[in-house]
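**Q** Got a structure for you, questions after.
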2 protein chains.
Amino acid sequence: MTRTNQAWVLKQRPTAAVEPGDLELADLPVAALEPEQVLIRNVYLSLDPTNRIWMSDRDQYLPPVAVGDVMRGSTIGVVETSTTDRFNPGDVVIPADSGWQRFTVSDATSTSRVRKLDGVPLTAHLSVLGMTGLTAYFGVTDICRPIAGETFVVSAAAGAVGSVAGQIAKIAGARVVGIAGGPEKCRWITEELGFDAAIDYKSQDVGAELDRLCPDGVDMNFENVGGTIMDQVFSRLGTNGRMALCGMISSYNTEGPLAGPRDFGRILMHRLTVRGFVVIDYLPQAKEALQELSEWVRQGRITWKDHVVEGLEEAPAAMERLFRGDHDGKLVVRISDEN
Amino acid sequence: MTRTNQAWVLKQRPTAAVEPGDLELADLPVAALEPEQVLIRNVYLSLDPTNRIWMSDRDQYLPPVAVGDVMRGSTIGVVETSTTDRFNPGDVVIPADSGWQRFTVSDATSTSRVRKLDGVPLTAHLSVLGMTGLTAYFGVTDICRPIAGETFVVSAAAGAVGSVAGQIAKIAGARVVGIAGGPEKCRWITEELGFDAAIDYKSQDVGAELDRLCPDGVDMNFENVGGTIMDQVFSRLGTNGRMALCGMISSYNTEGPLAGPRDFGRILMHRLTVRGFVVIDYLPQAKEALQELSEWVRQGRITWKDHVVEGLEEAPAAMERLFRGDHDGKLVVRISDEN
């Protein structure tokens with residue numbers, strides 16, 4: 001049986017915000033299964049700032065998506081057909097390599113079964129119990145390493161990674177300040193997630209607010225944004241301060257080098273540690289981390305939001321919401337029905 | 001008995017290279033000893049790039065030297081008089097706080113006895129067996145953490161810290177490339193210290209030479225210089241690369257922020273760790289480190305050079321040699337005779 005796969009193909013590399021014509025929705029044949037493979041009907045597609053990096057040819061941590069190839073992306077889906085004993089039709093799975101597409105053919109060895117939790121929606125396995133939760137987990141526990149009473153500042157604090165990072169830092173006993181855009185996001189992270197304070201970068205002077213809220217300086221910066229917001233936090237990192245550099249979304253829609261803080265010498269004078277990380281390096285430790293995250297979710301100690309956009313055809317436009325902050329939690333696209 | 005102390009006093013903060021008038025040689029009274037103190041006749045004064053930081057009021061890791069105060073500096077000297085059972089006249093000691101001066105009054109508890117080694121000159125206790133050796137030791141062993149076969153690049157490689165750092169990295173099994181100024185320094189680090197290669201930044205294209213010598217990239221950067229040389233090395237750091245940020249001497253004679261690498265995003269994309277450090281943070285571990293360094297010196301596995309300038313009155317002019325590279329190893333000033 002030959003199926004048709006609808007997929008977003010990269011036609012040309014965007015040089016600023018993604019525009020119509022950069023990606024094209026194409027009908028492609030679905031390859032016949034070889035032994036030990038599954039055909040997955042994708043249900044949700046994860047949209048992440050890092051997708052924009054993959055569209056560019058800037059120096060990056062994975063090969064860029066080639067022009068003419070299906071856009072890379074994480075999905076969760078349901079097995080339709082299987083040539084392996086490991087999976088049966090109806091199993092809910094996450095393929096290691098997927099894309100902005102309706103169907104994914106995946107080797108059995110590169111396919112993970114999703115262990116559904118009572119009361120937890122499927123989208124959570126792309127967010128708090130997926131890559132974004134793991135990103136938050138390892139950035140906080142392996143790089144920031146909070147000591148109770150220390151001050152932790154996270155940017156894009158209402159985002160999929162930042163919101164979970166702040167809550168993990170709270171669990172570790174840190175004082176958590178989040179930087180987010182707009183009063184509703186600031187309300188959410190303080191009143192519902194338990195952050196100690198929020199700074200609205202759209203209406204407040206970030207530096208002045210940091211001075212007010214962190215009079216003794218900042219011990220840890222979980223950085224998702226880069227640019228001037230990063231510089232405001234960085235320039236207040238105190239002795240032995242740590243920066244977990246997770247993302248620099250403010251610059252992804254530009255070309256050329258990603259600018260750093262104004263005074264790099266601060267790293268020397270204040271003995272800072274600045275460390276970049278990518279969650280894929282931590283996948284060998286993911287199982288234990290997911291157990292701990294699941295436990296926190298079960299206990300209600302970690303709260304999250306998934307923002308579902310309907311329809312694969314909306315993916316490019318939806319992704320641009322990430323760059324405007326025009327979304328509410330983890331952004332996913334619904335490609336097909338769960339059942 | 002009242003003694004006169006000749007001392008360099010900071011009269012005004014230099015804004016570029018140190019000029020006559022920034023420091024003034026003054027006659028000051030020597031304070032009478034209180035109980036549990038020693039009066040030390042200083043024999044050698046250590047000159048270090050960091051002295052220039054202390055003269056400025058830029059943000060730094062110790063309080064700047066106040067205008068009107070004796071210039072801060074490390075010395076080794078001989079006890080002249082003592083009001084403590086711990087030290088006797090004639091003991092060779094290093095006071096924790098000293099300065100560019102003939103005499104230092106030091107509390108017994110802040111004074112370290114020097115354990116002289118056969119065949120090792122006294123100056124070594126300000127260099128390979130002193131703060132600079134320790135700086136190299138901890139930067140390599142605690143931050144760079146070489147794995148055998150990895151590539152280690154050190155700038156100011158013929159300097160007091162860089163030359164020892166490279167040799168420690170060699171002992172750990174790394175491939176070591178040094179960046180130094182001039183053919184004689186490059187000859188010294190390769191032929192006498194055993195570095196695998198040298199780059200003469202005065203006559204060669206540092207980037208092109210790095211590409212030639214490190215075709216698989218750089219794993220570790222022990223950084224002493226900053227500026228464009230740092231950027232050339234940084235932009236070749238590979239995945240999981242480490243930078244031990246020890247100094248940025250190329251910018252100390254300027255005012256304002258110390259510029260960083262052009263593409264800070266490399267820290268993210270290549271999961272780099274950039275860590276600044278100052279040796280004083282490691283003093284609790286100094287004893288074991290000095291034992292290991294002493295053993296390497298005894299075995300002839302670490303070679304070094306001390307460059308002695310005669311006369312306290314020469315200290316400011318001598319310090320400027322550090323910024324021109326017009327010195328040969330660890331720079332010290334002889335203030336008085338050893339005996």
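The values are calculated or read from the model by the stated rules, or taken from the named source; none is laboratory data. Because the structure is predicted, anything quoted here is derived from the model rather than measured. Every residue, glycine as well, gets a Cβ built from its backbone with ideal geometry; the counts of neighbours run over all protein chains shown. Calculation scope for accessible area: heavy atoms of the full protein, side chains included, ligands and nucleic acids excluded. Shrake-Rupley method; radii C 1.70, N 1.55, O 1.52, S 1.80 Å.
**Q** What's the center-to-center distance, using Cα atoms, between segment B:63-82 and segment A:81-99 in Å?
**A** 72 Å
**Q** Using alpha carbon centroids, what distance separates segment B:234-296 and segment B:1-37, in Å?
**A** 32 Å
**Q** Of B:Ser155, B:Ser74, A:Ser203, B:Ser112, which has the most accessible area with a 1.4 Å probe, and how do the rest follow in descending order?
**A** Largest accessible area first, the residues go A:Ser203, B:Ser112, B:Ser74, B:Ser155.
**Q** Oh, and also: Under the convention of a label 7 Å out along Cα→Cβ, give the distances in nm from A:Leu33 to the same position in every other copy, shortest first.
**A** 9.0
**Q** Once every DSSP H run of n ≥ 4 in chain A is given -39500 (n - 2.57) and the sum is divided by its residues, what mean residue ellipticity at 222 nm do you get, rounded to the nearest 500 deg cm²/dmol?
**A** -6000 deg cm²/dmol
**Q** So what is the relative contact order for segment A:131-280, in percent, with contacts set as C-alpha pairs under 8 Å and at least six apart?
**A** Relative contact order, segment A:131-280: 22 percent.
**Q** For segment A:131-280, give the percent of accessible area contributed by carbon and sulfur heavy atoms, probe 1.4 Å, rounded to a whole number.
**A** Result for segment A:131-280: 50 percent of the exposed heavy-atom area is carbon or sulfur.
**Q** Now a separate question. Rg(Cα) of segment A:131-280 divided by 2.2 N^0.38 Å?
**A** Scaled against compact globular proteins, the figure is 0.93.
**Q** What whole-number distance in Å separates the alpha-carbon centres of segment A:146-209 and segment B:121-181?
**A** 41 Å
**Q** Defining the label point at 7 Å along Cα→Cβ, can you sort the distances from B:Asp57 to the same site in each other copy, shortest first, in nm?
**A** Output for B:Asp57: 5.1 nm, nearest copy listed first.
**Q** To check you understand DSSP bridge types, tell me what percent of the beta bridges within chain A (both residues inside) are antiparallel, rounded to 5.
**A** Percent antiparallel among DSSP bridges in chain A is about 55.
**Q** Which ³J(HN,Hα) values in Hz, rounded to whole numbers, follow from the phi angles of segment B:183-191 under the Karplus curve 6.51 cos²θ - 1.76 cosθ + 1.60, where θ = phi - 60° and Gly and Pro get x?
**A** Listing the rounded values in order: x, 5, 5, 5, 4, 4, 5, 7, 7 Hz.
**Q** In segment B:265-287, what residues drop by 20 Å² or more in accessible surface going from the chain by itself to the full protein assembly, probe 1.4 Å?
**A** When all protein chains are present, B:Gly265, B:Ile267, B:Leu268, B:Met269, B:His270, B:Arg271, B:Thr273, B:Val274, B:Arg275, B:Gly276, B:Val278, B:Asp281 each give up 20 Å² or more of accessible surface.
**Q** So how exposed is B:Arg41, as accessible area in Å² (1.4 Å probe, rounded to 10)?
**A** Near enough 40 Å² of accessible area.
**Q** Given A:Lys202/A:Lys330; A:Lys202/A:Lys305; B:Lys202/B:Lys305; B:Lys116/B:Lys185; B:Lys116/B:Lys287; A:Lys11/A:Lys305, which pairs have Cα atoms separated by over 25 Å?
**A** B:Lys116/B:Lys185; A:Lys11/A:Lys305
**Q** So who's got an amide H within less than 5 Å of the one on B:Lys330, skipping anything under 5 residues away but keeping other chains? H placed 1.01 Å off N, in plane.
**A** Placed amide hydrogens put B:Lys305, B:Asp306, B:His307 under 5 Å from B:Lys330.
**Q** At A:Arg298, with labels set 7 Å past Cα in the Cβ direction, how many nm apart are the copies from this one, shortest first?
**A** Copy-to-copy label distances at A:Arg298, shortest first: 5.8 nm.
**Q** Counting residues in chain B as N, plug N into 2.2 N^0.38 Å and put the Cα Rg over that result.
**A** 1.00
**Q** Long-range amide H contacts for B:Phe195: which residues qualify at under 5 Å (H placed 1.01 Å from N, peptide plane, sequence gap of 5 or more or a different chain)?
**A** Counting only residues 5 or more places away or on other chains, the set is B:Thr190.
**Q** At q = 0.08 Å⁻¹, what base-10 log of I(q)/I(0) does the Debye formula yield for the protein assembly as shown when every alpha carbon is treated as an equal point scatterer in vacuo?
**A** Normalising to I(0) and taking log10 leaves -0.70.
**Q** Using modelled backbone amide H atoms (1.01 Å from N, in-plane), which distant-in-sequence or interchain residues come within less than 5 Å of B:Val218's amide H?
**A** B:Leu237, B:Gly238
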